[in-house]
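Comments concern the structure below.
Throughout, read-outs are computed from the coordinates displayed, never taken from laboratory work. Because the structure is predicted, anything quoted here is derived from the model rather than measured. Quick reminder, even Gly has a Cβ in these numbers, built from the backbone with ideal geometry, and neighbours come from all protein chains shown.
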């Protein structure tokens, strides 16, 4: 791995910066089954959990089943359930505080490129006081098409002023790694929810890490 090839870092957020995906699975499972009667297993819900919240609802119930207003209301309701459950556990993945601080001290540009709505991004950045690390934030509201489409990561690169090939993406989801590949970016995959075998079809993954104490991350900061 040539760590000198990267000039900027772009982070997905959920499952990548914070290990919260189990709480999203729980909140979505409750919403689509208890509230909306979908009758899906937890595994089925997990498989649909990528992209914008409205897209998740479209995949499960069919496009147009909910009006735009209904989908937005359900999206916020789901996130309130998630935030209430997760707040007592809210913390960065091990090693990430030191990694962010060192990258910041080295003046490495950093961005967030997430399918989360601003309501959730603000929840994390403000509660953990992280906002100063990121000069760019691209949320679900900032793109027309979600991951695995490359728009999220290409927009982040453009706003950072760094060529896509010089950006390294940190991701936890196969669809997110696919989005990075489609943007012409290499990725490090954090195995918080998905195992390495779920990423085998993507040749842009340079390493798998359990957390940011992995020696691979240290090599990026020398």
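Tabulated values for the structure
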{"item": "Rg/Rh ratio calculated on Cα atoms of segment 141-219 (Kirkwood radius)", "result": "0.97"}
{"item": "Scattering curve values for the chain, log₁₀ I(q)/I(0), Debye with Cα scatterers, q = 0.12, 0.13 Å⁻¹", "result": "-0.61, -0.72"}
{"item": "Exposure proxy order (Cβ contacts within 10 Å, fewest to most) of 17, 110", "result": "110, 17"}
{"item": "Residue-span extension gain [residue 84 to residue 98] - 0.36 nm each, minus C-alpha spacing", "result": "2.4 nm"}
{"item": "Compactness of segment 21-88 - radius of gyration and Dmax, Cα, Å", "result": "11.1, 36"}
{"item": "For the chain, calculated [θ]222 nm from helices alone, where every DSSP H run of n ≥ 4 adds -39500 (n - 2.57)", "result": "-11500 deg cm²/dmol"}
{"item": "Whole-Å semi-axes of segment 85-188's equivalent ellipsoid (Cα gyration tensor)", "result": "21, 17, 13"}
{"item": "Tensor-based shape of segment 71-133 (alpha-carbon gyration tensor, a/c under 1.5 rounded, otherwise prolate or oblate)", "result": "prolate"}
{"item": "Residue-span extension gain [residue 128 to residue 175] - 0.36 nm each, minus C-alpha spacing", "result": "14.3 nm"}
{"item": "Degrees between helix 68-86 axis and first principal axis of the chain (Cα, 0 to 90, nearest 10)", "result": "60 degrees"}
{"item": "Nearest-ten-degree value, helix 96-105 long axis tilted from longest Cα axis of the chain", "result": "50 degrees"}
{"item": "DSSP bridge pairs, segment 150-209: antiparallel proportion in percent, nearest 5", "result": "0 percent"}
{"item": "Order of 207, 139 - criterion: other Cβ atoms within 10 Å of each residue's Cβ, fewest first", "result": "207, 139"}
{"item": "Protection proxy ranking, peptides 121-130, 167-176, 84-93, average beta carbon neighbours within 10 Å, highest first", "result": "167-176, 121-130, 84-93"}
{"item": "Crossing angle, helix 151-160 versus the chain [Cα axis fit, 0-90 degrees, rounded to tens]", "result": "40 degrees"}
